[in-house]
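Visitor: Quick one: this structure, given as structure tokens, is what I'll be asking you about.
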Amino acid sequence: MATLPRTQVESMRRQADLSASKRQNADQELLTQRRKLDALAQESGGMSKEDLRAMQQRFDAANKDIQGELEELRIQFGQELGKQALENKRALAEIRRLAEGNKRDLDSLNEEILSLEKSVKGQFERLEKLAQDNRKQALYYYGQLRNIVAQIDERFPDKYEVLYPDQLQPGAYVLRSVLGSVLEDIDRGNFEAAIGLAQTRLPEAVSVLAQLEFYHTAFLNAEMETKKTVSALMTRVRDLEKPKKTELLIGKGGEYEDKYGISYWARELFEEIKRRLADTESRFDICDESHDSEGLALIRQDADKLNDQLSACEQIEANERRLHFECCECASQVFDILDSNDPGLWKLEELHINEEDLREPVYMTLVRPEGYRITVACYPERAPGLTASGIIRCELEVFDNGTEKDDAARCCIIYSNIATILAAGGISLDSQPRSELSAANSKSFIHSAIDHEGQARTKWLNAAKKAMGLFEEV
């Protein structure tokens, strides 16, 4: 509200006080004159008319003067009051004018202040809302990144990063560090920085998670397939180790008891396969623990190879078993043919089958009443290929008395006669008769045949290992 100047107010106040003082003085003067008249009236009781008339005239003159002064004072006082009223009116008008102007200014200022406050409040609210929105957005992106990192930590082992360091980028460790940085920015109020960092890393985290899902799924599939393959291989090995109860006797259609399994007939090959299978099991445990899908794939490849090698061993087992009994049958046929040609003259002195290794040659010694004897060795000749059956070789040596004084010429004649008889029965001899005397006897002949067959078998066994891939390290 507007106000008058202090000096103007003081002036107006002084003028009002002066007018009141003059009015009071006039009233006091009138009262004094009245008192004088009253005194004169009391004194005039003994005065003459002339004196009274003169006194009355003086009184009237005095009263006239007083009335004149009062009138003059009244007029002056009225003028003062009018002037004062006019001044007051002008002052009041000025006050009203100033008040109205000030009110208009105040209202305008208030409006400006209210507008400014509203603007500031709106900006503050917008900033606050923006800050809250940024915080919410930062927390949202932080939550998204945290969820992905949590899935990586909970579901996938760190070993994948060791196995696939180039593929899994930036890596779970980096993502964990980024997650901490985003949270620090949020705590400091750097919401835009937190949003930018989280938005930058979120696609990378999703990519890492997707790759981990891929590698983990591939590992689970590989684990299941490898376990199934290795388990089936182990079952097959155990089944192959079991002896066969009966087997068809080759050439005669009968049955015989067979207490040996593949671990006997293909001993060296089968034991090597079992050793490699044990290595494969150990490798499986290692790869399974380390979640190595590629390692499991290699194990399956090796297991498939071992499975093929077992199939080859089965064929070798069948061939070895057949060759052994064909050796036995060949020796039996030699005796039957000779006995049929000279009934009752041939006596079986010895029939040898190595129970420790039935794959060795089968040999026998026959004697005649005349004193000479023959030693027959039947041994397998294995085919170069793993699946080929092979054939039986038969060698024979003649001794006229079983001493170092054998007559070579006579032994040669006997050999030729026996070879002719056996050939007629369907058995051909691979050895040739001795053309001269030697120190050879029945035992030395057998040892020579066994050594020869052993060397041949070792050579074949090495070729078989090479053909089966068993010389290669797992």
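The values are calculated or read from the model by the stated rules, or taken from the named source; none is laboratory data. Only a predicted model underlies this, so the values are computations on that prediction, with no experimental measurement involved. Because the Cβ atoms are built from the backbone with ideal geometry, glycine has one as well, and the counts that use them run over all protein chains shown.
Visitor: Out of (1) touching a strand residue (DSSP E or B) at 6+ places or on another chain (Cβ under 9 Å); (2) within 30 Å of T280 (Cβ to Cβ); (3) among the aliphatic types (A, V, I, L, M), what's the single condition that is false for L386?
Guide: Here L386 meets the rest and fails (1).
Visitor: May I ask you to verify whether T420 is exposed (fewer than 14 other Cβ atoms within 10 Å of the Cβ) and not assigned by TED's automatic domain parsing to the domain that holds K242?
Guide: yes
Visitor: Is it the case, given these coordinates, that V208 is in contact (Cβ under 8 Å) with a residue 24 or more places away in the chain, in contact with a Gly (Cβ under 8 Å, 6 or more places away or on another chain) and either in the same structural domain as D288 (by TED's automatic domain parsing) or not polar (S, T, N, Q) (or both)?
Guide: yes
The rows are residues; the columns are (1) at pLDDT 85 or above; (2) in a helix (DSSP H, G or I); (3) of a type in the set (D, E, K, R).
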| site | (1), (2), (3) |
| --- | --- |
| C328 | yes, yes, no |
| Q333 | yes, yes, no |
| E370 | no, no, yes |
| C378 | yes, no, no |
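Visitor: Looking at L345, L351 in this structure, which one is free of Cβ contacts under 8 Å to residues at least 60 places away in the same chain, among the hydrophobic types (A, V, I, L, M, F, W, C) and part of a loop (DSSP other than H, G, I, E, B)?
Guide: None of the other options fit; the residue is L345.
Visitor: On to the next question. Check off (1) farther than 22 Å from S428 by Cα; (2) surrounded by fewer than 17 Cβ atoms within 10 Å (Cβ to Cβ) for H291 and give me the number that stays unchecked.
Guide: Result: H291 passes all but (2).
Visitor: Then there is this: When the residues of the stretch 171-190 are narrowed to those that are of a type in the set (G, A, S) and either touching a residue at least 24 places away in the same chain (Cβ under 8 Å) or not in a helix (DSSP H, G or I) (or both), which ends up surrounded by the most Cβ atoms within 10 Å (Cβ to Cβ)?
Guide: Among those that are of a type in the set (G, A, S) and either touching a residue at least 24 places away in the same chain (Cβ under 8 Å) or not in a helix (DSSP H, G or I) (or both), it is A172.
Visitor: While we're on this one: Which numbered condition in (1) assigned by TED's automatic domain parsing to the domain that holds E314; (2) farther than 19 Å from L470 by Cα; (3) at pLDDT below 90; (4) under 46 Å from the mean Cα position of the chain (by Cα) is the only one that L248 fails?
Guide: Going through (1) assigned by TED's automatic domain parsing to the domain that holds E314; (2) farther than 19 Å from L470 by Cα; (3) at pLDDT below 90; (4) under 46 Å from the mean Cα position of the chain (by Cα) one by one, L248 breaks only (4).
Visitor: Restricting to the stretch 311-334, what's the tally of residues that are free of Cβ contacts under 8 Å to residues at least 40 places away in the same chain and within 19 Å of A419 (Cα to Cα)?
Guide: So the answer is 1.
Visitor: Then there is this: Would you confirm, using the coordinates I've provided, whether G295 is at pLDDT below 90 and not aromatic (F, W, Y)?
Guide: Criteria not met by G295.
Okay, residues lined up against (1) in contact with a helix residue (DSSP H, G or I) (Cβ under 7 Å, 6 or more places away or on another chain); (2) in a helix (DSSP H, G or I); (3) farther than 19 Å from H352 by Cα; (4) at pLDDT 85 or above:
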| residue | (1), (2), (3), (4) |
| --- | --- |
| G426 | no, no, yes, yes |
| D430 | no, no, yes, no |
| R434 | yes, no, yes, no |
| L437 | yes, no, yes, no |
| F445 | no, yes, no, no |
| A449 | no, yes, no, no |
| W460 | no, yes, yes, yes |
| K466 | no, yes, yes, yes |
| E472 | no, no, yes, no |
